[in-house]
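Read through the structure below, which is laid out as structure tokens, and then see the notes.
The values are calculated or read from the model by the stated rules, or taken from the named source; none is laboratory data. Because the structure is a prediction, the values reported are computed rather than measured. Note: ideal-geometry Cβ built from the backbone for every residue, glycine included; neighbour counts use all protein chains shown.
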Amino acid sequence: MSTLFSPYAIGSLQLKNRIVIAPMCQYSAVDGAATDWHQVHLGHLALSGAGLLIIEATAVEAVGRITPGCLGLWSDATEAALQRVLHSVRAHSGMPIAIQLGHAGRKASSHVPWHGGMLITPDQPGGWRPVAPSALPQLEGEAPPQVLQGDELQRIVAAFADAARRAHRLGLDAIELHAAHGYLLHQFLSPISNVRSDAYGGSLKNRMRFPLQVFEAVRAAVPASIPVGLRLSATDWVDGGWDPAQSLVFARELQARGLSFLHVSSGGVSPQQKIPIGPGYQVGLAEALKRETGLPTIAVGLITEPAQAEAIVASGQADLVALARGMLFDPRWPWHAAAQLGGTVDAPPQYWRSQPRGMNNLFGDVRIGMR
């Protein structure tokens, strides 16, 4: 039996297989509100047969969006828009759905990628001044972000908790906090982006303080039955930056506070990063954290082939594997993987006729009658 297509539980959340659809920004919201694009995008991913779908990075306040087109969950209007999308998706799929909550920090107020992705200054249409732990811009030559002070930090903690409560009201099955890829929580963790001299900077204990406060607030905001995990950049790939040893300390602090799962990525905080890109290049980072903590762990990053994904989970390097770009390119990747590995996936009855001849169990014990 394929390990990739065996069930797995994150707390009380039951997954039918070990395939996760990683959160992927769509830059297609209007004032933070989900649109028809999200209905189409999430709808077809929810028919993919994966075990879990994680909705894209969703800002907890307007200034926390990466771009003016990023999804948000900070108001009744943004909650209602996402509710409409989820109602439609759930009418045709029982796949568990999680959401990634985040704040862009100094990487906010950017153009969408297909318009270059560079900073939009406050004097330009759609722009605003980003906020960050320190007055250090992401790229040389950019205007420095506004430094967050005590009351502002607590406002953001409260915004994360409020967004978590909204996610629970929407019936979402899990919450993932975004502490990776150079966004706000990662900015506090990394000495590259955090040069504060107060209680939120300097030592590792101090740099972890704000992300841990955010996690504690979110964990307290939703029932214990709702898994709350975290996506982490396990290394900055820069000498003197955030690294695997610090990631392990942070993971253990989160674990002591009730972390449900760890989604292990890397990089994003500095253009000086030197990433050894290759198939499964981040899997070793996930494996090390899983080995040391025992936490349910998701590996991600250039996992593209079914045999590769099977080997990762069968060998115990990670409990689950996540696909992002690969799933955009092939939204039926789990079907094709199941066909190769002898697994079974859920599929809507409207598509049962697509099962290739000779594959009698790809969609389970299904029967089609025609006259």
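Restricting Arg84, Arg129, Arg166, Arg155 to residues that are of a type in the set (Lys, Arg) and buried (at least 19 other Cβ atoms within 10 Å of the Cβ) narrows the list to Arg166.
Conditions first: (1) without any contact (Cβ under 8 Å) to a residue 60 or more places away in the chain; (2) in contact with a His (Cβ under 9 Å, 6 or more places away or on another chain). Val30 passes all but one, so which condition is the exception? That leaves (2) as the condition not met.
Residue-level check: of (1) in contact with a Leu (Cβ under 8 Å, 6 or more places away or on another chain); (2) of a type in the set (D, E, K, R); (3) part of a helix (DSSP H, G or I); (4) exposed (fewer than 15 other Cβ atoms within 10 Å of the Cβ), Arg106 misses just (4). Contact annotation: residue pairs with Cβ atoms under 9 Å, 6 or more positions apart or on different chains, pairing a residue in the range 77-96 that is of a type outside the set (A, V, I, L, M) with a partner that is at pLDDT below 95 and assigned to a helix (DSSP H, G or I), are His92/Gln350. Here is the figure for the range 129-176: residues that are more than 20 Å from Met208 (Cα to Cα) and among the aliphatic types (A, V, I, L, M) total 8.
Within the range 320-355, being under 20 Å from Tyr8 (Cα atoms), of a type in the set (D, E, K, R) and under 16 Å from the mean Cα position of the chain (by Cα) holds for no residue.
Considered as a group, the residues in the range 196-240 that are small (Gly, Ala, Ser) and in contact with a strand residue (DSSP E or B) (Cβ under 6 Å, 6 or more places away or on another chain) include one that is farthest from Gly171 (Cα to Cα), and that residue is Ala234.
Does the range 159-173 contain any residue that is touching a strand residue (DSSP E or B) at 6+ places or on another chain (Cβ under 6 Å) and not in a helix (DSSP H, G or I)? Yes, that holds for at least one residue. Set side by side, the residues Ala91, Ala57, Ala62 differ, and just one is surrounded by fewer than 24 Cβ atoms within 10 Å (Cβ to Cβ) and within 22 Å of Ile156 (Cα to Cα), which is Ala62.
The residue of the range 192-228 that is surrounded by the fewest Cβ atoms within 10 Å (Cβ to Cβ), among those that are under 20 Å from the mean Cα position of the chain (by Cα) and under 21 Å from Pro137 (Cα atoms), is Met208.
Output yes when any residue across the range 246-266 is under 30 Å from Gly43 (Cβ atoms), out of contact with any strand residue (DSSP E or B) (no Cβ under 7 Å at 6 or more places or on another chain), assigned to a helix (DSSP H, G or I) and modelled with pLDDT of 95 or more, and no when none is.
We begin by selecting, within the range 246-266, every residue under 30 Å from Gly43 (Cβ atoms); these are 260-265.
Narrowing further to those that are out of contact with any strand residue (DSSP E or B) (no Cβ under 7 Å at 6 or more places or on another chain): none.
So far as the range 246-266 goes, no, none of its residues is under 30 Å from Gly43 (Cβ atoms), out of contact with any strand residue (DSSP E or B) (no Cβ under 7 Å at 6 or more places or on another chain), assigned to a helix (DSSP H, G or I) and modelled with pLDDT of 95 or more.
For Val20, the requirement of being free of Cβ contacts under 8 Å to residues at least 24 places away in the same chain and either hydrophobic (A, V, I, L, M, F, W, C) or in contact with a Lys or Arg (Cβ under 8 Å, 6 or more places away or on another chain) (or both) is not met.
Only one of the numbered conditions (1) at pLDDT 95 or above; (2) assigned to a loop (DSSP other than H, G, I, E, B) is violated by Glu79, and that is (2).
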